[in-house]
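The values are calculated or read from the model by the stated rules, or taken from the named source; none is laboratory data. This is a predicted model, so every value here is computed, not measured. FYI the Cβ positions are ideal-geometry reconstructions off the backbone, even for glycines, and counts take in every protein chain you see.
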């Protein structure tokens, strides 16, 4: 039950972050993706179809995914600031890193 609650809390936090990212994209004049296939195509995380990890395995995958996201966000921050001079997006992405660090 504790793991179920942890996963649900993280799901809710990530769903909220996805909405915030979509809003940021729209604010900058872009069009946010919205379908599952688009998310899969652009995701840096890999799925493991048919693999059913035990509790420790699930936690390991979750932490590993957060670490991957944090690493990618750091690069995106550099790009936003250095390539585009967009301090607002840099700050926004920094806040996302902090959330992923807490979740990890």
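With the structure loaded, tell me whether residue 88 is more than 16 Å from the chain's Cα centre (by Cα) and over 22 Å from residue 28 (Cα atoms) or whether it fails that test.
On the way: more than 16 Å from the chain's Cα centre (by Cα): yes; over 22 Å from residue 28 (Cα atoms): no.
No; evaluated as a whole, the condition is false for this residue.
I'm checking my understanding of the structure. Among residues of the stretch 34-45 that are within 19 Å of residue 68 (Cβ to Cβ) and in contact with a helix residue (DSSP H, G or I) (Cβ under 9 Å, 6 or more places away or on another chain), which one is modelled with the highest pLDDT? Looking at the filtered set, the residue picked out is 45. Name the residue, out of 74, 24, that is closer than 16 Å to residue 104 by Cβ, at pLDDT 90 or above and out of contact with any strand residue (DSSP E or B) (no Cβ under 6 Å at 6 or more places or on another chain). Answer to the check: 74.
Contact map, the stretch 36-57: first residue under 22 Å from residue 22 (Cα atoms), second residue modelled with pLDDT of 90 or more and part of a helix (DSSP H, G or I), Cβ cut-off under 7 Å, separation 6 or more or different chains; pairs are 44/68; 44/72; 45/65; 45/68.
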